Structures are given as C-alpha cells and as structure tokens.
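First up is the structure itself, then whatever we jot down about it.
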Amino acid sequence: MENLLELKNIKLIYHSPKSETLAIDDLSFSIKAGDFVSIVGPSGCGKTTILSLVASLMKPTSGEIIYGAKDKSIAPGYMFQRDNLFEWLNIWKNVSLGLSFKHRKTKENVAYAKNLVEKYGLKDFMKHYPSELSGGMRQRVALIRTLSLRPELLLLDEPFSALDYQTRLAVQDDVFNIIKSEKKTAILVTHDISEAIAMSNKVIVLSSRPAKVKKIFDIDFDPSLTPFERRKQDNFQPLYDLIWGELQCKDIP
Ligand SMILES: Nc1ncnc2c1ncn2[C@@H]1O[C@H](COP(=O)(O)OP(=O)(O)OP(=O)(O)O)[C@@H](O)[C@H]1O
Ligand SMILES: [Mg+2]
C-alpha cells in the first residue's frame with residue numbers, strides 16, 4: 001500500500017534571539033492510509049513539534065514531508081489535550097464553528113456534521129453548553145468538530161491526559177470506534193504506553209531531544225478488539241515491557 005505520509009530525514013531547529021534548540025534530528029517514518037500510529041517519547045523530546053510539522057504549521061529546517069501518492073497536501077485535523085470548546089456557545093455551534101472558520105459552511109458539510117452529531121449520540125445535547133457535559137463527552141464533541149472538516153488524517157496530541165483513569169479508558173474506546181468507523185488515519189502522541197498499545201497498530205518510540213526514531217513496534221491484535229479488550233490479551237504485558245525497556249534505555253550519543 002502507498003504511504004499517506006512520509007517524513008524523510010527531518011531536522012528542526014527553533015531559533016530565538018538568544019539560543020538555538022535542535023528539537024528534531026534526522027527523523028524518518030512513514031504512515032499508510034488506515035494506520036493508527038502512536039508516538040511515545042520522553043517529555044520535551046519533540047512530539048508536538050512533529051505534529052506541527054505534519055500539520056504544516058511550520059517548515060522543517062531540512063528534510064522532506066511527502067503527503068499522499070501525488071504529493072498533494074492533506075489538511076489534517078487536530079485534537080488537543082484540552083478540548084478547546086467555547087463555553088459560551090452550545091454544542092452544535094461549537095461543532096459548526098469549525099466549518100465557519102474554514103469557510104466551508106456549505107449545505108452538504110452542515111448535513112455531514114449534523115449526521116456525525118446524531119450518529120455519535122450527541123443529538124439530545126445540541127443545545128446544551130459545554131459545562132453541562134462530562135469530560136468524555138466534551139472530547140467526543142471536540143473529535144466530531146474535527147471530523148466535520150473531513151480530514152483524512154487526525155493528529156491527536158495527548159487528547160486523553162486530562163481525563164481521570166476510568167473516563168480515559170471509556171473515551172479511548174469511544175474515539176477508537178469513531179475513528180475506525182469513519183475510516184480515518186490517526187497519529188496519537190501520548191505519554192501512556194498502555195494507551196499506545198491499546199489503540200494503535202504501530203508504536204514509534206522516540207529518543208530524548210533531539211527526537212529520532214529509536215524503534216518502531218508493530219502491534220498486531222485482532223482488528224475486531226476494542227482498546228479495552230486488547231488490554232486483556234496475553235501479549236499485552238510483554239509488549240508493554242518491551243516498549244518500557246526501550247524508553248528507559250539510554251541513548252547512545
Ligand atoms: N516555539 C518554540 N520555540 C523554541 N523552542 C521550542 C518551541 N516549541 C518547543 N520548543 C522546544 O523544543 C523541544 C521540543 O518541544 P515539544 O513541545 O515538541 O516537545 P514534546 O515532546 O511535545 O513535549 P511534552 O512531552 O512535554 O508535550 C523542547 O525542548 C521545547 O522547549
Ligand atoms: Mg507536547
């Protein structure tokens with residue numbers, strides 16, 4: 001299968017008047033359509049920087065990012081740790097605001113967004129305000145707002161880390177199911193090794209800054225299993241131990 005996205009020998013230096021920070025050095029990996037890829041790595045190693053580069057929010061200092069087979073750019077959808085919902089707007093306005101911002105509020109797109117809201121159980125909450133929803137439901141609204149722009153690729157930057165443990169498990173299943181049934185490709189940045197294994201088919205382990213790929217693990221569960229069910233599989237803990245070991249192992253300079 002062809003790559004949806006390929007990063008080739010990416011280097012990124014942040015410049016400020018006083019200093020230069022080498023955030024990423026010689027980073028390469030590729031992603032295929034339908035992949036759910038997790039990126040794990042030490043705090044501050046450059047994970048958010050990678051998502052910003054993929055989203056074309058900035059350009060690499062050197063190296064190449066190739067989108068799709070024909071190098072046509074894809075507009076990824078972002079989902080953050082905080083849901084960034086506007087408290088003074090109701091749920092429907094929060095969802096449809098994304099379309100207005102991007103000047104894409106066509107009849108067809110509004111119908112598509114409405115359909116997502118109904119399909120994923122938010123119909124009765126359209127006129128509610130974010131403060132009336134649980135943390136998990138708020139994340140679902142944030143995901144639907146992102147999906148309503150029909151991105152091929154979703155970039156998820158620690159979207160569950162603000163949730164308590166029980167809610168996090170439920171929302172992981174929820175987000176996983178929505179992403180799979182909408183047939184999207186996703187890159188998830190997380191500090192949580194279990195979350196990475198439970199949700200993805202590939203886990204990329206990064207070195208401490210500057211970020212380089214240390215190792216890529218292929219995760220091969222039965223596709224019909226939910227993240228929660230994957231956690232109960234016999235090969236879950238051995239995978240956890242392998243990835244944990246890789247993260248602890250000191251980088252060779
Ligand atoms: N706008 C910026 N200007 C200068 N340096 C930056 C900027 N953004 C990030 N950095 C630096 O680049 C490095 C990587 O930052 P980044 O936010 O990508 O890390 P991260 O892996 O997402 O961290 P965390 O796990 O804490 O979310 C850090 O040393 C950070 O201080
Ligand atoms: Mg980050």
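Counting just the residues of the range 192-211 that are more than 23 Å from residue 6 (Cβ to Cβ) and either of a type in the set (D, E, K, R) or in contact with a helix residue (DSSP H, G or I) (Cβ under 9 Å, 6 or more places away or on another chain) (or both), which one comes out surrounded by the fewest Cβ atoms within 10 Å (Cβ to Cβ)?
The residue in question is 192.
Need pairs with beta-carbon distance below 6 Å; first residue more than 26 Å from residue 190 (Cβ to Cβ) and within the range 81-95, second of a type in the set (D, E, K, R); sequence gap 6+ or separate chains.
90/127
As an exercise: evaluate residue 161 against (1) surrounded by fewer than 23 Cβ atoms within 10 Å (Cβ to Cβ); (2) within 16 Å of ligand 1 (Cβ to nearest atom); (3) modelled with pLDDT of 90 or more and give the number of the one condition it does not meet.
Status for residue 161: all satisfied but (3).
Please go through the range 122-149 and give me each residue that is surrounded by fewer than 15 Cβ atoms within 10 Å (Cβ to Cβ) and among the basic types (Lys, Arg), ordered by number.
123, 127
So, in the range 142-174, how many residues would count as being within 16 Å of ligand 2 (Cβ to nearest atom) and either free of Cβ contacts under 8 Å to residues at least 24 places away in the same chain or over 14 Å from the mean Cα position of the chain (by Cα) (or both)?
Of the residues in that region, 1 qualify.
Take residue 177 and decide whether it is away from ligand 2 (no atom under 16 Å from the Cβ), more than 16 Å from residue 78 (Cα to Cα), in contact (Cβ under 8 Å) with a residue 40 or more places away in the chain and surrounded by fewer than 18 Cβ atoms within 10 Å (Cβ to Cβ).
Against the criterion (away from ligand 2 (no atom under 16 Å from the Cβ), more than 16 Å from residue 78 (Cα to Cα), in contact (Cβ under 8 Å) with a residue 40 or more places away in the chain and surrounded by fewer than 18 Cβ atoms within 10 Å (Cβ to Cβ)), residue 177 qualifies.
So in the range 212-240, with the set limited to residues that are over 18 Å from the mean Cα position of the chain (by Cα) and within 16 Å of ligand 1 (Cβ to nearest atom), which one is surrounded by the most Cβ atoms within 10 Å (Cβ to Cβ)?
212
For residue 168, indicate whether it is away from ligand 1 (no atom under 16 Å from the Cβ), in a helix (DSSP H, G or I), in contact with a Ser or Thr (Cβ under 9 Å, 6 or more places away or on another chain) and farther than 25 Å from residue 55 by Cα.
Spelling it out, residue 168 is indeed away from ligand 1 (no atom under 16 Å from the Cβ), in a helix (DSSP H, G or I), in contact with a Ser or Thr (Cβ under 9 Å, 6 or more places away or on another chain) and farther than 25 Å from residue 55 by Cα.
Report every pair of residues separated by at least 6 positions or lying on different chains whose Cβ atoms are under 7 Å apart, first residue within the range 102-129 and among the hydroxyl-bearing types (Ser, Thr, Tyr), second assigned to a helix (DSSP H, G or I).
Once the first residue is among the hydroxyl-bearing types (Ser, Thr, Tyr) and sits in the range 102-129, its partners that are assigned to a helix (DSSP H, G or I) give 120/140; 120/144; 120/178.
The values are calculated or read from the model by the stated rules, or taken from the named source; none is laboratory data. Only a predicted model underlies this, so the values are computations on that prediction, with no experimental measurement involved. Positions of Cβ are backbone-derived with ideal geometry, glycine not excepted, and every protein chain shown enters the neighbour counts.
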